[in-house]
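Quick notes on the structure that follows.
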Amino acid sequence: MRPSRLVLLVPERAAEHLGALPDSVEVVYVGRGDDLPARALEAEFLVAGYGRGRMSEWIPRLPRLRVVQTISAGVDWVLPLIPAGVTLCNGSGVHDTPVAEWVVAALLALTKRFPDFRDLQREGLWKDRTVGDLEGSTVLILGYGSIGRAVERRLEPFGVKVLRVSRTPREGVHDLSALPDLLPQADSVVLLLPLTDQTRSLVGRDFLGQMKPGALLVNAGRGGLVDTAALIEALTARRIRAALDVTDPEPLPEGHPLWALPEVLITPHVAGASPKLLERAYRLVREQIRRYLAGEPLLNVVEHGY
């Protein structure tokens, strides 16, 4: 008897992590360089582990498609490709641990001036510098979702004060309208927002001008949250410092001004690149498939762009 459900998955990543599925599920593995086999065209559930180009080509060819599950928390890259009637779910929760650890590491590295000392080491120079403390500082988390909560838990032992901001206000969490009052209080601002029409270039000249002089901007969200020209101006003037895992443009091209600016730490979008990523991601996929087959509500359903 032909299985009633199909799941389209990335072969080299999914095979060893997907685990056992119900007999009613048929898994079709498609390699990165392969075209869709005939059975894949009947897929109802797609794990979006491919790039935007292949998704834009494939999704219109899947007439039975009902669910697209991303491994990434951000869905700005795939959202415009989702047809009406298809449910999009993101990978919220999958990246909490590695991204939160990267944020704390970036805060510590810049507070303790590790990049400066690394530069001096390369020159063979022994020069002392005054370094700061996280204890007693104020950290504003902009985008207080599951990763934001994970960041706060890891910051608690350091004795920092956390200001929470989200697009949707709730008890203990401010909305974006509070930023003019909160930004001057923050020693560090951590960006974890998704990229939407509302948040694109949110961090512009006004935002950066409201930050405390010498404050640290940490971007582990999306490069498009920040107006790059405005950021370059603020960094060149040494008004703020920055730790960036994401940039606009991305990848950051050779010779771009951000590479050479002072008080900047740049990593190439690796905050979530944990060896345990696929284990966590396909644990979520298994649960989503179980829910889909049982007719239960899916997790992480994307609404209003996030």
Per the helix-only calculation at 222 nm, which mean residue ellipticity applies to the chain, given -39500 (n - 2.57) for every DSSP H run of n ≥ 4 and division by its residues, nearest 500 deg cm²/dmol? -8000 deg cm²/dmol
Calculate the translational D of region 220-306 in whole µm² s⁻¹ from Stokes-Einstein, where the hydrodynamic radius comes from the Kirkwood formula applied to all Cα pairs, the temperature is 4 °C and the viscosity 1.567 mPa s. 81
Leu176 and Arg32 label points (each 7 Å along its Cα→Cβ direction) are spaced in nm at 3.4
Under 5 Å from the placed amide H of Leu216, counting only residues 5+ away or on other chains, we find Ser188, Val189, Arg241
With a 10 Å cut-off between alpha carbons and a GNM built on the chain, which of Glu171, Glu250, Glu296 moves the most? Glu171
For the chain the mean separation of alpha carbon contacts under 8 Å (6+ apart) over residue count, i.e. relative contact order in percent, is 16
Using the per-residue mean of other Cβ atoms lying within 10 Å as a proxy for protection, in what order, highest first, do the peptides 86-95, 161-170, 279-288, 252-261 fall? 86-95, 279-288, 161-170, 252-261
Residue among Ala294, Leu208, Gly124 farthest towards the positive dipole end of the chain, charges placed on Cβ: Ala294
The chain, accessible surface, carbon-and-sulfur percent (1.4 angstrom probe): 52
Express in nm, to one decimal, how much length is gained between Glu254 and Leu108 on full extension, taking 0.36 nm for each residue of separation and deducting their alpha carbon distance. 49.9 nm
Using the C-alpha gyration tensor of region 1-157, what are the square roots of 5 times its eigenvalues, in whole angstrom, with the largest one first? 44, 18, 15
Once you treat every alpha carbon in region 96-165 as an equal point and sum by Debye, what is log10 I(q)/I(0) at q = 0.17, 0.24, 0.27 Å⁻¹? -0.66, -1.01, -1.18
The computed P(r) of region 100-233 puts the percent of Cα pairs beyond 18 Å at 56
If I take the Cα coordinates of the chain and project them onto the principal axes, what are the three extents in Å, biggest first? 72, 47, 34
Where Rh is the Kirkwood radius over the Cα pairs of region 21-69, the temperature 4 °C and the viscosity 1.567 mPa s, what D in µm²/s does Stokes-Einstein return? 114
Anchor Lys112: lysines whose Cα lies under 19 Å away (excluding residues fewer than 8 positions away in-chain): Lys127, Lys161, Lys212
At 1.4 Å probe radius, can you tell me the per residue accessible area of the chain in Å²? 49
Connecting every pair of Cα atoms under 10 Å apart in the chain and solving the GNM, the largest mean-square fluctuation among Val103, Val47, Val189 falls on Val47
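Please give the FRET efficiency for Ala294 paired with Glu233, using the beta carbon to beta carbon distance and R0 = 41 Å, rounded to the nearest 0.05.
0.15
The values are calculated or read from the model by the stated rules, or taken from the named source; none is laboratory data. All values reported here derive from a predicted model rather than from experimental measurement. Glycine also receives a Cβ, built like all others from the backbone with ideal geometry; neighbour counts cover every protein chain displayed. Each accessible area value is taken on the protein alone, full model and side chains, heavy atoms only, with ligands, DNA and RNA left out. Shrake-Rupley method; radii C 1.70, N 1.55, O 1.52, S 1.80 Å.
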